[in-house]
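I have placed the structure first, in the form of structure tokens, so that the comments after it can refer back to it.
Computed from the coordinates by the stated procedures, all read-outs in this text should not be read as laboratory data. Note that the coordinates shown come from a computational prediction; the quantities given were computed from them, not determined experimentally. Cβ sites come from the backbone with ideal geometry, for glycine too, and all protein chains shown count toward neighbours.
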Amino acid sequence: MKFFIDTADVDEIREWNSTGLIDGVTTNPSLILKSGRQIDEALAEICAIVDGPVSGEVTAIDTIGMISQGKTLAKIADNICIKLPLTMDGLKACKALSDEGFKTNVTLCFSANQALLAAKAGATYISPFIGRLDDINIDGMELIEEIRAIYDNYGFETQLLAASLRTANHVKDCAIAGADVATIPPSTLGKLVAHPLTDKGLAAFLADWEKTGQSIG
Ligand code: E4P
């Protein structure tokens, strides 16, 4: 499973990219607001840091406007992925941009039928939002399982990009369900590595090693 980092904070992206564990980046208008940056400057800087796809979201709501904004964003760097909302206009823009060879990420997906339509529109990625479904007491992980089954049934090449992940368990469950990508906020990424028994075990090993009086190298 690929890991994308879900932020427009350049410092956090640089730090996590240096681990070698990050395969791409997703942003959205709310994350751009939080960063306090101009979208074109932030995306250009992020694209220079990370080798993989960097999603930048259009804000037009009509097909022509989305195509135009998408092409403007794509000029920023070769690794820009154009993020489009899952509306009928967004699907039409996705089809047009995908047919022209642009990478596309269809976002705000909350149902399996929406994901089926995005695949038929040639989306590179579909972004089902797990956390926001959980927020309204609908099991977001069921949606991941449904989309996985549908895409596998028909051999769709659209990659299942699990989004709106809030917890370490979300990440684990997405991996078990076969999501191609998980986009993860930096705070949740940090939680994946930590385990109290790792810390406790390491402290014990180091204490015993000290008692041996030995050194390596
Ligand atoms: C990523 O593509 C999405 O925009 C993001 O994961 C949404 O997460 P949220 O529901 O926590 O805002």
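Choose one answer from LEU202, LEU73, LEU133: the residue with the largest mean-square fluctuation in a GNM of the chain with alpha-carbon springs under 10 Å.
It is LEU202.
Among the lysines, which have Cα under 21 Å from the Cα of LYS83 when same-chain residues fewer than 8 positions away are ignored?
LYS2, LYS34, LYS71, LYS75, LYS92, LYS95, LYS103, LYS120
Enter the angle in degrees (range 0 to 90, nearest 10) between the Cα long axis of helix 196-212 and the first principal axis of the Cα atoms of the chain, meaning the one along which they spread out most.
Between the helix axis and the principal axis of the chain, the angle is about 30 degrees.
Which translational diffusion coefficient, to the nearest whole µm²/s, is obtained for the stretch 2-212 from the Stokes-Einstein equation, given a Kirkwood hydrodynamic radius over C-alpha pairs, 37 °C and 0.692 mPa s?
Answer from the Stokes-Einstein relation: 184 µm²/s.
If you line up the long axis of helix 63-74 against the longest principal axis of the chain, both from Cα atoms, how many degrees apart are they, to the nearest 10?
So the inclination is approximately 40 degrees.
Neighbour counts of other C-beta atoms within 10 Å: give me MET1, MET141, MET66 arranged from fewest to most.
Neighbour counts put them in this order, fewest first: MET1, MET141, MET66.
Starting from the amide H of ASP6, placed 1.01 Å from N in the peptide plane, find each other amide H under 5 Å away whose residue is 5 or more places distant or on another chain.
Here the answer is THR26, ILE184, since their amide H atoms fall under 5 Å of that of ASP6.
Suppose a student asked you for the relative contact order of the stretch 2-212, using Cα pairs under 8 Å spaced at least 6 residues apart; what percent would you report?
Dividing the mean separation by the residue count of the stretch 2-212 yields 16 percent.
Please list the non-local residues whose amide H lies under 5 Å from the amide H of GLU57, H modeled 1.01 Å from N, same-chain partners needing a gap of 5 or more.
Sorted by chain and number, the residues that satisfy this are LYS83.
Compute the long axis of helix 140-154 from its Cα atoms, compare it with the longest principal axis of the Cα atoms of the chain, and write down the angle in degrees, 0 to 90, nearest 10.
60
Rounded to the nearest 500, what is the chain's calculated 222 nm mean residue ellipticity when only DSSP H runs of at least 4 contribute -39500 (n - 2.57) each, over all residues?
Mean residue ellipticity, 222 nm, calculated: -16000 deg cm²/dmol.
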